[in-house]
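To start, the structure itself, in structure tokens.
The values are calculated or read from the model by the stated rules, or taken from the named source; none is laboratory data. The shown structure was predicted, so the numbers you read here are calculated from the model rather than taken from an experiment. When we count neighbours, we look across all protein chains shown, and the Cβ atoms used for this are built from the backbone with ideal geometry, even at glycine.
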Amino acid sequence: MTGRSRGATRLAAIILAMLLAVLAGCARIPTAGPVGKSSEGSAGNLSAPVFLPAAPQPGASPETIIDYFYRAGSGYEDDYAVARQYLTQASSVSWKPDQRALVYREARVVATETENVYNYELDVSYTVNADGIATQSPEGTVEKIPVTLTQVDGEWRISAIPDGTAIAEETFKVIYGAFPIYFYDPTFTFAVPDVRWFIRNKTVKAMTSALLAGPAPYLRGAVASAFPSGIKLARESVPVVSGAAQVDLSAKELTETSPEDRLRMQMQLTLTFRSQPDVVNVELRANQDLVRVEDTGAVLPPVQDKSVPSRQIAISGNELVRYENNRISPLPDMQSVSALGPRFPAESPVSQSTAFLNEGRTTLYSIVPGQPARALTTRSTLTRPSFSLNDWVWTAGPGAAGETEVVAFRPAGVAEGAALPSVSLSPAWLAGRTVKEFRISREGVRALVISEQNGVTRVQVAGIIRAADGTPRELTAPVTLVTGSNPDQGVWVNDTTVAVMKSSTASNVTPEILSLTSGAPQQLAPWPGLLSLSGGNGPDEIFAQSAEGIFQRLGNGWSPQIKGPTEMSFPG
């Protein structure tokens, strides 16, 4: 070996030794995203990262102790063992980190006027509660966490702290994932997703606990569960053994259920665990004893992500037409409506009922085969109609006193001239707001609502509470989706995703995909002069229409289709 080679080898060895020393002694966790390692022992996500936060350092200031305590919240292993080292012994025992997670954009430690009391001030992005329910916050939402410190053996430790953790947004995206748990529609026909956020390494147990606790507030009363009220886990774990998730439930509540209900419980859990690759099947147990679940064929699995037919209803030549396979054809067995100037048509997914507005968007009409169109309601302005699976057609507009109302009518099966069943709802959360769009989800349990007040738009999803016969009774307080624009229309794309846009005749329009499983909108390719939007089965079946014709989303752009039909809409 030459002297030059020996020198290079020694230099490499020195650099390697220095690098190892730095890595071994590295204690700081960057706020932009701490370094982690892969954990092979977690159920449901074999590549979920495990973070290695820094332990308290001798002589650290109160501000540093607070800052690094919250950074240590990324180290959830061993019940947050490192984070608890920043607390006094009493606080370490009482602190409950899993009560909530505050996800922040920025954070700082601020002293208060009280000695040894500080505020951890956060620009909160969203809050996740103990059941994984996320509440999004607009930028600039500040929350102050009070923190009290005391000295223990000459070192600062936290003696009083609220339950929960605070996690930087970029770190949160790595540690947590969005997972749907599933409930039923009231007829037990369809599966309804309820998206929750859980630590990736703890999903099976967390999903089960959340399922037993019931639906998120915006779905409460709108969905059903096979699990009876009061049923609980018999032990604080849900082991996965040879692919079987062993769900051990309180014996009394489980054994009092019917065989059909137990089968529905198993189906509900099976759907919920679909995102977990190591769960193959589900075993119900009562105090660890296996409970036999029989399938007699009387209970059908719920339909997940209800699809819509490939056809669309549209306007062409001032008539209602069918648009399918890039061709148009007359709507079967329907009388002419050209004298009414039809706009914004909708078609029932279960019958031949259709509905539309007039040119001024002031009157809602319905029409069924063999009957002339009938006016359902007239108001100063109305949203485009939308049908639910049980044949109610919905719209929204100002009531007689100017208050915002949501109305629904059931035209199918009613003789000509007879009164239609109808409902008028005035949700308190819509007071003072102008509804721009109201669209029923494919399984009929939820509504997409786009409303505006003082130039600011909200995109929200509310649950629909119905009577036993399916008559709408109430809209739940909604959950809000984050959007990067002020859209005036939107459509369902699948059971967790909607597409929205703000139409314009004079400029480029950039539609967005908003998802219950993501905190950020996905922008689609801009296109000039888009006026109308429709959504089929999945994000690839998004159609838009401008004065130049119809376009379908294709990859990162738009593919021209036919020219002529306007305001197309899939059934629903």
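For every residue, the table says whether it meets (1) more than 18 Å from Ser485 (Cβ to Cβ); (2) surrounded by 21 or more Cβ atoms within 10 Å (Cβ to Cβ); (3) of a type outside the set (D, E, K, R).
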position: Asn508; (1), (2), (3): no, no, yes
position: Ser518; (1), (2), (3): no, no, yes
position: Trp527; (1), (2), (3): no, no, yes
position: Ser532; (1), (2), (3): no, yes, yes
position: Ile550; (1), (2), (3): yes, yes, yes
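Are any residues in the stretch 46-82 in a helix (DSSP H, G or I), more than 30 Å from Asp278 (Cα to Cα) and within 35 Å of the chain's Cα centre (by Cα), and if so, which ones?
Ile66, Asp67, Tyr68, Phe69, Tyr70, Arg71
One residue is enough: does the stretch 485-499 have a residue meeting the conditions acidic (Asp, Glu), at pLDDT 95 or above and more than 13 Å from the chain's Cα centre (by Cα)? Working first, answer last.
Taking the stretch 485-499 first, the residues acidic (Asp, Glu) are 488, 495.
Those still in the list that are at pLDDT 95 or above too: 488, 495.
Cutting the leftovers down to more than 13 Å from the chain's Cα centre (by Cα) gives us 488.
Within the stretch 485-499, one or more residues are acidic (Asp, Glu), at pLDDT 95 or above and more than 13 Å from the chain's Cα centre (by Cα).
Determine, yes or no, whether Ala226 is in a loop (DSSP other than H, G, I, E, B), of a type outside the set (Lys, Arg) and either modelled with pLDDT of 95 or more or surrounded by 15 or more Cβ atoms within 10 Å (Cβ to Cβ) (or both).
It is true that Ala226 is in a loop (DSSP other than H, G, I, E, B), of a type outside the set (Lys, Arg) and either modelled with pLDDT of 95 or more or surrounded by 15 or more Cβ atoms within 10 Å (Cβ to Cβ) (or both).
Within the bounds of the stretch 447-456, is there any residue that is farther than 19 Å from Ala216 by Cα, surrounded by 19 or more Cβ atoms within 10 Å (Cβ to Cβ) and touching a strand residue (DSSP E or B) at 6+ places or on another chain (Cβ under 9 Å)?
For the stretch 447-456, residues farther than 19 Å from Ala216 by Cα, surrounded by 19 or more Cβ atoms within 10 Å (Cβ to Cβ) and touching a strand residue (DSSP E or B) at 6+ places or on another chain (Cβ under 9 Å): present.
Yes or no, residue by residue, for (1) over 30 Å from Val461 (Cα atoms); (2) hydrophobic (A, V, I, L, M, F, W, C):
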site: Gly221; (1), (2): no, no
site: Pro228; (1), (2): no, no
site: Ala234; (1), (2): yes, yes
site: Val240; (1), (2): yes, yes
site: Ala244; (1), (2): yes, yes
site: Gln268; (1), (2): no, no
site: Leu271; (1), (2): no, yes
site: Asn287; (1), (2): yes, no
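Has the stretch 85-96 got at least one residue that is modelled with pLDDT of 95 or more, surrounded by 22 or more Cβ atoms within 10 Å (Cβ to Cβ), within 29 Å of the chain's Cα centre (by Cα) and assigned to a strand (DSSP E or B)?
So far as the stretch 85-96 goes, no, none of its residues is modelled with pLDDT of 95 or more, surrounded by 22 or more Cβ atoms within 10 Å (Cβ to Cβ), within 29 Å of the chain's Cα centre (by Cα) and assigned to a strand (DSSP E or B).
Given the condition at pLDDT below 95 and not in a strand (DSSP E or B), answer yes or no: does some residue in the stretch 179-200 qualify?
yes
If you take the residues of the stretch 326-341 that are in a loop (DSSP other than H, G, I, E, B) and free of Cβ contacts under 8 Å to residues at least 24 places away in the same chain, which of them is nearest to Val308 (Cα to Cα)? Before the answer, list the steps.
Here is the first cut: in the stretch 326-341, the ones in a loop (DSSP other than H, G, I, E, B) are 326, 331-337, 341.
Next, from what is left, pick out any that are free of Cβ contacts under 8 Å to residues at least 24 places away in the same chain: 331, 336, 341.
On the way: Leu331: 18, Ser336: 26, Gly341: 27 Å.
So the residue we want is Leu331.
Condition (residue is assigned by TED's automatic domain parsing to the domain that holds Ser546, at pLDDT 95 or above and in a loop (DSSP other than H, G, I, E, B)) applied to the stretch 298-306: is it met by at least one residue?
No, the conditions are met nowhere in the stretch 298-306.
Can you pull out the residues in the stretch 189-206 that are charged (D, E, K, R) and within 30 Å of Ile440 (Cβ to Cβ)?
Within the stretch 189-206, Asp194, Arg196 qualify.
Out of all the residues in the stretch 137-164, which are farther than 17 Å from Val110 by Cα, buried (at least 16 other Cβ atoms within 10 Å of the Cβ) and either touching a Cys at 6+ places or on another chain (Cβ under 8 Å) or not hydroxyl-bearing (Ser, Thr, Tyr) (or both)?
Residue satisfying the conditions is Gly164 alone.
Might you check whether a residue that is in a loop (DSSP other than H, G, I, E, B), surrounded by 16 or more Cβ atoms within 10 Å (Cβ to Cβ) and either assigned by TED's automatic domain parsing to the domain that holds Ala245 or within 31 Å of the chain's Cα centre (by Cα) (or both) occurs anywhere in the stretch 342-349?
Looking through the stretch 342-349, at least one residue is in a loop (DSSP other than H, G, I, E, B), surrounded by 16 or more Cβ atoms within 10 Å (Cβ to Cβ) and either assigned by TED's automatic domain parsing to the domain that holds Ala245 or within 31 Å of the chain's Cα centre (by Cα) (or both).
Can you tell me which residue among Ala226, Ala216, Ala210, Ala244 is more than 23 Å from Asp305 (Cα to Cα) and either under 24 Å from the mean Cα position of the chain (by Cα) or of a type in the set (Gly, Ala, Ser) (or both)?
Ala244
Of everything in the stretch 505-534, what is in a strand (DSSP E or B) and of a type in the set (Val, Ile, Thr)? Give them in sequence order.
Of the residues in the stretch 505-534, the ones in a strand (DSSP E or B) are 508-509, 512-515, 522-523, 527-528, 532-534.
Of everything in the stretch 505-534, those that are in a strand (DSSP E or B) and of a type in the set (Val, Ile, Thr) turn out to be Val509, Ile513.
What are the residues in the stretch 368-392 that are part of a strand (DSSP E or B) and crowded, with 24+ Cβ neighbours inside 10 Å, if any?
Ser386, Phe387
Yes/no per residue for (1) assigned to a helix (DSSP H, G or I); (2) acidic (Asp, Glu); (3) surrounded by fewer than 17 Cβ atoms within 10 Å (Cβ to Cβ):
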residue	(1), (2), (3)
Ala412	no, no, no
Ser424	no, no, yes
Glu437	no, yes, no
Glu443	no, yes, no
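Does Ala224 qualify as being assigned by TED's automatic domain parsing to the domain that holds Ile181 and in contact (Cβ under 8 Å) with a residue 60 or more places away in the chain?
For Ala224, the condition - assigned by TED's automatic domain parsing to the domain that holds Ile181 and in contact (Cβ under 8 Å) with a residue 60 or more places away in the chain - is not met.
Given the conditions (1) modelled with pLDDT under 95; (2) part of a helix (DSSP H, G or I); (3) surrounded by 16 or more Cβ atoms within 10 Å (Cβ to Cβ), and given that Lys252 satisfies all but one, which numbered condition is not satisfied?
Only one criterion in (1) modelled with pLDDT under 95; (2) part of a helix (DSSP H, G or I); (3) surrounded by 16 or more Cβ atoms within 10 Å (Cβ to Cβ) is unmet by Lys252, namely (3).
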